[in-house]
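Computed from the coordinates by the stated procedures, all read-outs in this text should not be read as laboratory data. Model, not experiment: these values are computed from the prediction. Here Cβ is always computed from backbone atoms with ideal geometry, including for glycine, and neighbour counts include all displayed protein chains.
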Amino acid sequence: MAIKLGEMLLKEKLITPEQLDEALKSQIIFGIKLGSSLIELGFITDEQLCHFLSSKLGVPAVSPREMSWVSQDVLALVSAELAGKYRVVPIRADGKKLSLAMADPTDFKAIDEVAFVTGCVILPHIVPDVRITAALSKYYQISGDYRYLRIEGELANKQRKTPVEHVVKKAEKIEIQMMSESGELLNIEIPLEFEGFANLPDIEDGYATALGWIERYSVDRLSLEFASAKNRDQVASVFIKYLGQEFTVGALFIVRNDRAVGWRGVASGKRIEELESLNILLSKPSVIRDVLETRQFAMGILAQTPENVQLLRALGVGFSTPLLVLPIVMVKKVVAVVVVSAEMEALGKRLQELQKLVYKASLAFEMLIIKNKILMT
């Protein structure tokens, strides 16, 4: 969204700086929009956000009830392709006037194209992005991110958390000087907890000076690609590129509340599509749960628990295949997991290389968070 949502909410004291920091962190790591991140974390309700933006932008808000039922005649005015492209949902038609639910009613390109295709005058309405995702899934069978659909389900089935009015203990800050695109010197404050957040267990101080193959490759390729990544999916692409070249099977999981969700996977150089719909429940025994609880890597043949069996099947490997599972740690919390398979001896030899790669990816996440804070300044 073109508007600076976080800055606007701070000015109105609807959220605190600490809550914005936490939401920005979730936005980068989990790839969801800032508003959805704030809703998911319970810092603001979807109705609050919707009505706030409605008053600021001067466009009507769409209630959950209005989004819950739309006639087929109205839906037919906008094709699934167009709705998915611009993330819009028609909700009401009155002659040549078409009311359009949008997460970003300032997206004039979307308004112009829908107006051209439908021949209608478009009346933009605002609705939280989580509602748009649910509506696109319901009305157009456009699959949405699991996290958005889960947030929508929680909003529909239980009361929202109370908006933040309690006192939040102010975190200590560290200040980083960076240059904006216009050449202005900015003093960017980030929570002290971000300092060194990417440290991983078992990485020794002298390890960065090792001159193995992965170090040469990372200097020439990986470091540059991580540094130039514009979002978390580009960070994942760097990971998968390396894993696909070096291992028979490689996969990434995002740790989200009560489960680990398949993010990207590669086997023999080909994408593992089944992995992206895999959810490993963290309430049940699994190697991923072990790594999550200990924040340490695990290596070897897996115990045949139901969740491990799901993992092995999704990766397309046998029960006797050894795996190496490493955590990506941020602020002493595992936010993602890397899984690779190879012969046991080979896994042991490549352990430090993978730890270094994970470390670099964590730094890339840190850079993305700081960049987002610059845009909020």
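If you take all other residues with their beta carbon under 14 Å from the beta carbon of PHE247, and give Lys and Arg +1 and Asp and Glu -1, the sum is +1. Restricting the calculation to alpha carbons of region 315-358 gives Rg and Dmax of 11.7, 35 angstrom.
Against the empirical 2.2 N^0.38 Å (N residues), region 5-157 has a Cα radius of gyration ratio of 1.03. Projecting the Cα atoms of SER237, GLY300, PHE253 onto the charge dipole of region 216-309, computed from C-beta unit charges around the Cα centre, puts SER237 farthest toward the positive end.
The Cα atoms of region 74-129 define a convex hull whose projected area, averaged across directions, is 3.2 nm². Counting lysine pairs in region 5-157 whose alpha carbons fall under 18 angstrom apart, excluding pairs fewer than 8 residues apart on the same chain, gives 7.
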